[in-house]
1. Taking the stretch 22-36 as the region of interest, how many residues are open to solvent by 30 Å² or more (accessible area, probe 1.4 Å), farther than 12 Å from Ser277 by Cα and either within 21 Å of the chain's Cα centre (by Cα) or of a type outside the set (S, T, N, Q) (or both)?
2. What are the residue pairs meeting all of these: first residue in the stretch 386-402, first residue more than 30 Å from Asn195 (Cβ to Cβ), second residue in a strand (DSSP E or B) and open to solvent by 10 Å² or more (accessible area, probe 1.4 Å), Cβ atoms under 8 Å, and 6 or more apart or on different chains?
3. What are the pairs, 6+ residues apart or on separate chains, where a residue within the stretch 219-248 that is within 12 Å of Asp150 (Cβ to Cβ) has its Cβ under 7 Å from a residue that is acidic (Asp, Glu) and part of a helix (DSSP H, G or I)?
4. How about the stretch 22-79: which helices (runs of 4 or more DSSP H) wholly inside it have at least 3 residues that are out of contact with any strand residue (DSSP E or B) (no Cβ under 8 Å at 6 or more places or on another chain) and among the acidic types (Asp, Glu)?
5. Which of (1) in contact with a Ser or Thr (Cβ under 6 Å, 6 or more places away or on another chain); (2) under 29 Å from Arg134 (Cα atoms) is the odd one out, the single condition Ser277 does not satisfy?
6. Among the residues in the stretch 152-165, are any hydroxyl-bearing (Ser, Thr, Tyr) and out of contact with any His (no Cβ under 6 Å at 6 or more places or on another chain)?
7. What are the residue pairs meeting all of these: first residue in the stretch 310-338, first residue within 18 Å of Glu190 (Cβ to Cβ), second residue of a type in the set (D, E, K, R) and in a helix (DSSP H, G or I), Cβ atoms under 7 Å, and 6 or more apart or on different chains?
8. Just need a number here: residues in the stretch 87-106 that are in a helix (DSSP H, G or I), among the β-branched types (Val, Ile, Thr) and within 17 Å of the chain's Cα centre (by Cα).
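The values are calculated or read from the model by the stated rules, or taken from the named source; none is laboratory data. Because the structure is a prediction, the values reported are computed rather than measured. For neighbour counting, all protein chains shown are included, and Cβ atoms are generated from backbone atoms with ideal geometry for every residue, glycine included. Quick note on the areas: whole protein, heavy atoms, side chains included, nothing else; ligands and nucleic acids left out. Shrake-Rupley method; radii C 1.70, N 1.55, O 1.52, S 1.80 Å.
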Amino acid sequence: MKKKTGLIFFPAFDYAISPTHPEREERLLYTQDQVNEEGLLDFDNIVEFKPDLATAEDIQRVHFCVPGIDEIVHASHLIAVGGTLTAADKVMQKEVDNAFALVRPCGHHSMRVVHGTRGFCTLNMEAIMVEYIRHKYGASNGIKKIAIVDTDCHHGDGSQDIFWHDPNTLFISMHQDGRTLYPGSGFPDEMGGPNAFGMTINLPMPPETCEEGFLYVLDEIVMPILAEFQPDLIINSAGQDNHYSDPITNMKFTAHGYAVLNDRLKPDIAVLEGGYSIESALPYINTGIILAMAGMDYSQIREPDYDAEDQIQPAHITAYLEKLKEVTLSRWANRHALRNQVYAEKAFHTRSSQIYYDTAGIRESQTETVRTCSDCGGAVTIESRADTGSHGHVFAVQIPRYACEPCRSWAEAQFDEADTGKYSQVLLQDKDNDLYVEK
């Protein structure tokens, strides 16, 4: 059955980390040419929209930008994020059945605190879009439980960090094993914070996993979990660097496989993430995804250099994925009991982390405390110190969406009592009241 699909293009002509960097405007120019050459926009059910511009308020529902948005965010980031918000509006207002934001630069490595760019990412587009939807449309429109399925080859560590304590967001990441690829995270035992345990699901796959393996993981692990979670909205964080021709990864997915994945996943919104085989992969992958989302025939999608022999999956990879299924579904089924083993019964939980911004060359030390709560995601405080000078030491307080009164009261007290002489900034983010305050 055909569906009406919205497309939002933003190649970001004026933004590149360097002239020869993999994350540059050509990533989307070849796709635009392919879409035009194939005449996809001539179909009545495929409609292009122009991106809106994201605002500071949109960003501050998710991020603590240090020292501020103006210092680290480029105009292209605002338009790219704005493109995802346009996609959300078109779907939520029922102008289209689904939408694909083909925008750059990418975002899924961006965490709650942002001191600069890491993994080519500065702003987390999917997270900003999720909070935009919840703020603008909310539970009154039947949108509370949201699933993000990240199919980028790199683990979506930023999205994981942002939704670590959110019991209403299921984050699933399908990626190349972190022992073999940046950012070196995304293992099955990373399952979420004490108030959202089990809502983070990581599916690391061995290098050289083929189309067969990817679709096995989708069909046998992802789809059953989604069926049980029953999200009100599905978002595909649609990275395309799992392709066999990608220059910076080691997987063997295909353009046809990406189309099948989206046909079966049926995302309400897809957002482009990585993918750096600019000529050999992206035009074919994106064409396949568009056709699949529009409910049209994608059976002839094939790259010119496609080799069926190269898609024969080694037996050891198949065996690994079967074990991954067993472990993941067992942990999902027993997540409540496992939570009690991982997190001791206490009022607060603290975790410390060292974060490296490989693109910006910044090191950050972070200590996070979350209030244990059975009624909401829990209020959070974050002490973050980066090696960027006197402005890099901040204390941030987050009141979660759907916050209970005890969490709200504790968070407000933490903000009121914070010593402004100790930190360069003391910040409060209140999702329910759509407030972002600096003390």
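1. 3
2. Final answer for the pair search is Asp387/Ile362; Asp387/Arg363; Thr388/Ile362; His391/Gln425.
3. Going by the 7 Å Cβ cut-off, the qualifying pairs are Ile235/Glu126; Ser237/Glu126.
4. Details: elements: 26-37, 56-60, 69-72.
Passing ranges, in order: 26-37.
5. If we test Ser277 against (1) in contact with a Ser or Thr (Cβ under 6 Å, 6 or more places away or on another chain); (2) under 29 Å from Arg134 (Cα atoms), just (2) comes out false.
6. From the stretch 152-165, those hydroxyl-bearing (Ser, Thr, Tyr) are 159; that's our starting set.
Okay, now just the ones that are also out of contact with any His (no Cβ under 6 Å at 6 or more places or on another chain), so none.
The answer is no; no qualifying residue exists.
7. Lys325/Glu220; Leu338/Arg331
8. 0
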